[in-house]
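Working notes, beginning with the structure itself.
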Amino acid sequence: MDARADQSTTDLGPLEEFPEGAFRVMRVGKREIGVYRSSSGEVFAIANFCPHRGAPLCKGPVGGTLIPSEPGELVYGMDGDVVRCPWHGYEFSLHTGECLFTGQRMRAKTYPVSVEDGRVRVSGIKSGEKK
Ligand code: FES
């Protein structure tokens, strides 16, 4: 892919090249990120690296999770906002990268994304940045 970069944002290409409901994994500088376009139109960017043991996080499914609820209740929520790691199943927020597994303090790296003039742009990655 041809990611043109400056110091603050990187143009990832036209929005129509990002299919709904699937990750598109791409390299920006020395980072490998997954860009996910939800059916509601939100676009997320998250490192393709699980902070637990290094799995390719973006090979995991996106869905929801069980959210805090009353004792004896199971309440499903956050649908479309959570990626589940393909190796051990830890769940991470696509918004913040926070690990949603109780007691875990790890966080996957996320990047701000915007859509301007029909093009997807990501911030926070320099083209020459080292891992
Ligand atoms: S490597 Fe992702 S949960 Fe273990």
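Each value in this text was obtained by applying a stated rule to the coordinates, not by laboratory testing. What you see is a predicted model; the values in this text were computed from it and never measured. A quick note on method: Cβ atoms are made from the backbone with ideal geometry, for glycine too, and the neighbour counts reach across all protein chains shown.
Dipole size of the stretch 1-115 about its Cα centre, with +1 on Lys/Arg Cβ and -1 on Asp/Glu Cβ: approximately 640 debye, rounded to the nearest 20.
Computed from the C-beta positions of HIS88 and GLU16 and an R0 of 22 Å, the FRET efficiency is 0.05 to the nearest 0.05. Quick note on the stretch 67-131: its Rg to Rh ratio, both from C-alpha atoms and Rh being the Kirkwood radius, is 1.09. Here the mean projected area of the convex hull built on the C-alpha positions of the stretch 4-120 is 8.0 nm². In order along the stretch 56-66, the phi-based Karplus estimate (6.51 cos²θ - 1.76 cosθ + 1.60, θ = phi - 60°) of 3J(HN,Hα) comes to x, 3, 6, 7, x, x, 9, x, x, 7, 7 Hz; Gly and Pro are listed as x.
Candidates ILE125, PHE101, PRO14 compared by Cα position along the dipole of the chain: farthest toward the positive end lies ILE125, with charges placed on Cβ. With K and R counted +1 and D and E -1, the other residues having a Cβ less than 13 Å from that of SER40 yield a net charge of -3.
Where is the GNM fluctuation largest for the chain (alpha-carbon springs, 10 angstrom cutoff): LYS109, LYS30, LYS59? Judging by the Gaussian network model, the answer is LYS30.
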